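Since the structure comes first, as structure tokens, the remarks are kept for the end.
Every read-out reported here was derived from the displayed coordinates using simple, explicitly stated rules and does not represent laboratory data. In this text the structure is predicted, and so the values were computed from the model without any measurement. Backbone-built Cβ (ideal geometry, glycine too); neighbour counts: all protein chains shown.
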Amino acid sequence: MITQLRKHIVQHGPALLRVPAKLTPFTVQKKMMLEGLTLVFKEALEDGDFEFLDGRWLKVEVRDLELHWYISYQDDKLVVAEHIEQEDVSFSGECNDLVLIAARKEDPDTLFFQRRLRIEGDTELGLEVKNLMDSIDLDSLPSPLKFLLQQSADFIQKGMQDAGAEKEVMNAH
């Protein structure tokens, strides 16, 4: 029963979040995004590791939530925009997969080759973004954020495994 419920939540949870996420005003999304990025990338920002993104735009899209943001680095700080003329590189994936990547439960390269993570545009810039993401030390995150991320990723991972196991059983018959 719990396994079925977890599988159902993992499979259908993003669809339930889509409407509230889309109704959240961009100003609120921007504030949350900037605060979250600043927190997660505090050390990288202090070290100037985002200079490669200066004057360039990264699009981050959560496909199943129908959300996207454009991120750049200007005047020694991150900038988030709702619309721009042209992004330089785009990262897109499903909500569950992006949580698994953030928690280090899935390798971005593996998801890329499985076509679950899309990286389009300037390949070199995309590689720099990916390397910066890989350099995040999860232990440097505030404990409540780290706990929430790890628990969410564990829940999603188990729910996806439950769904995969059910598919294998159905295919065996």
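The distance from the alpha carbon centre of the stretch 46-78 to that of the stretch 135-153 is 21 Å, rounded to a whole number. Across all C-alpha atoms in the stretch 1-57, the radius of gyration and Dmax reach 17.3, 51 Å. Per-residue 3J(HN,Hα) values for the stretch 142-155, derived from phi via the Karplus relation 6.51 cos²θ - 1.76 cosθ + 1.60 with θ = phi - 60°, read x, 3, x, 5, 4, 4, 4, 4, 5, 5, 4, 5, 4, 4 Hz in sequence order (x marks Gly and Pro). Our summary gives the stretch 21-173 a relative contact order of 19 percent, counting only alpha carbon pairs under 8 angstrom and 6 or more residues apart. Computed over the chain with a Gaussian network model linking Cα atoms closer than 10 Å, the most mobile of ALA15, ALA153, ALA103 is ALA15. Computed over the chain with a Gaussian network model linking Cα atoms closer than 10 Å, the most mobile of LEU145, LEU117, LEU100 is LEU145. By the rule of a C-alpha distance below 29 Å, with chain neighbours fewer than 8 residues away ignored, the lysines paired with LYS22 are LYS7, LYS30, LYS31, LYS42, LYS59, LYS77, LYS105, LYS130, LYS146, LYS158.
For Rg and Dmax of the Cα atoms in Å, the choices are [x] 17.1, 60; [y] 19.1, 62; [z] 15.0, 41; which was calculated from the structure? Of the listed options [x] 17.1, 60; [y] 19.1, 62; [z] 15.0, 41, [x] comes from this structure.
In this simple spin-label model, placing a label point 7 Å from the Cα along the Cα-to-Cβ direction at both PHE155 and LEU23 gives a separation of 2.1 nm.
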